[in-house]
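The values are calculated or read from the model by the stated rules, or taken from the named source; none is laboratory data. Bear in mind that the values here come from a model prediction, so they are computed numbers and not experimental data. Cβ sites come from the backbone with ideal geometry, for glycine too, and all protein chains shown count toward neighbours. Calculation scope for accessible area: heavy atoms of the full protein, side chains included, ligands and nucleic acids excluded. Shrake-Rupley method; radii C 1.70, N 1.55, O 1.52, S 1.80 Å.
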Amino acid sequence: MSAPAALIRRIALQGRYETMGMLRNGEQLLIAIILPLLALIGLTVTPLLDTYTDDRIAMAAPGVLALCTVSTALTGQGIATGFDRRYGVLRFLSTTPLGQSGLILGKIIAVLAVMVIQVVVVGGTALLFLGWQPALGGLLPAAAQLVLGAAAFTSLGLLIAGTVRPEATLAITNLLWVLLAAAGGILFPVASWPDVFEPAAHLLPSTALGDALRSALIDAQFNLTASIVLLVWTVVASLAAIRWFKWS
């Protein structure tokens, strides 16, 4: 028998498999690409953001990119992992040379690959058709924030998928997507919240990601506070997933 492929190759192949699975799923493609595009266009052509800014697309584009991260890392990966767990795919793959760590790394690769596609499609639409002019000095900080946001929401998605039934994962992740998009500080700054709740709102990972991307792409600034919030959510959710994740 030939020796198992090198670990890096196995992880890369698993990442490719996970990526194609996400892109071929109609429901996930709807959440990952179509709905964010509709949100981008809607926020640009309607006065919903006029309370916060005179430049709608400048505020809409970072928020929609944050929404893309939630769509892929939390909702998409959470649902895929939940049903893989239900049908025994996770249990089977975790016993192969890929191992549990390789499986998780493959899922992370899939999230990042789909996010690259989202950034190209959503960012390209904003640039070419809606007149978006992001702060060039904020592109690198924005990329770092997207990766950190992906880590935070992937950890949350795996935590949910590994602890509840797949049907519950489907309901919870879709509900969270709607709630975070509408009132979680992603598309709309939490300045609209009552003053008594605003400090707590800034502790949400969704608010932190939305604020971080707006700081980077509008003001060319690295939002350290938001980054710390995202990092804390990543660590806490990862430790919780390691502790309570059920492979079958």
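Here are the numbers:
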| quantity | calculated |
| --- | --- |
| Estimated vicinal HN-Hα couplings, Hz - region 67-75 in sequence order (Karplus 6.51, -1.76, 1.60; Gly, Pro = x) | 5, 4, 4, 5, 4, 7, 6, 8, 6 |
| Ranked by how many other beta carbons lie within 10 Å on average, peptides 14-24, 157-167 from highest | 157-167, 14-24 |
| CD proxy at 222 nm, helix term only [per DSSP H run n ≥ 4: -39500 (n - 2.57); per residue of the chain; nearest 500] | -22000 deg cm²/dmol |
| Peptides 71-77, 85-91 ordered by average Cβ neighbours within 10 Å, highest first | 71-77, 85-91 |
| Candidates LEU140, LEU67, LEU37: whichever shows maximal mean-square fluctuation once the chain is modelled as a Gaussian network with Cα springs under 10 Å | LEU140 |
| Largest to smallest accessible area among LYS246, LYS107 [probe 1.4 Å] | LYS246, LYS107 |
| Mean-position separation - Cα centroids, region 183-198 and region 10-32, in angstrom | 33 |
| Mean accessible surface per residue for region 110-248, computed with a 1.4 Å probe while every protein chain stays in place, in Å² | 48 |
| Helix 99-118 vs. the chain, principal-axis angle (Cα, 0 to 90°, nearest 10) | 30 |
| Among (1) 18.4; (2) 21.1; (3) 20.6, the entry that matches Kirkwood radius over Cα pairs in Å as calculated here | (1) |
| Phi to ³J(HN,Hα) by Karplus 6.51 cos²θ - 1.76 cosθ + 1.60 over region 173-180, Hz, x for Gly, Pro | 5, 5, 5, 4, 4, 5, 5, 5 |
| Whole-percent carbon and sulfur share, accessible surface of the chain, 1.4 Å | 71 |
| Residue-wise HN-Hα coupling along region 204-219, computed from phi with Karplus coefficients 6.51, -1.76, 1.60 (Hz; x: Gly, Pro) | 6, x, 5, 5, 4, 5, x, 5, 5, 5, 5, 4, 6, 8, 9, 10 |
| Cα long-axis angle, helix 7-24 against the chain (0 to 90 degrees, to the nearest 10) | 60 |
| Dipole of the chain, positive direction: furthest Cα of TYR87, VAL235, PRO36, with charges on the beta-carbon | TYR87 |
| Simple spin-label estimate for ILE228 and LEU29 in nanometres, 7 Å along Cα-Cβ | 4.3 |
| Burial order of peptide ranges 204-212, 95-103, 44-52 (average beta-carbon count within 10 Å, highest first) | 204-212, 95-103, 44-52 |
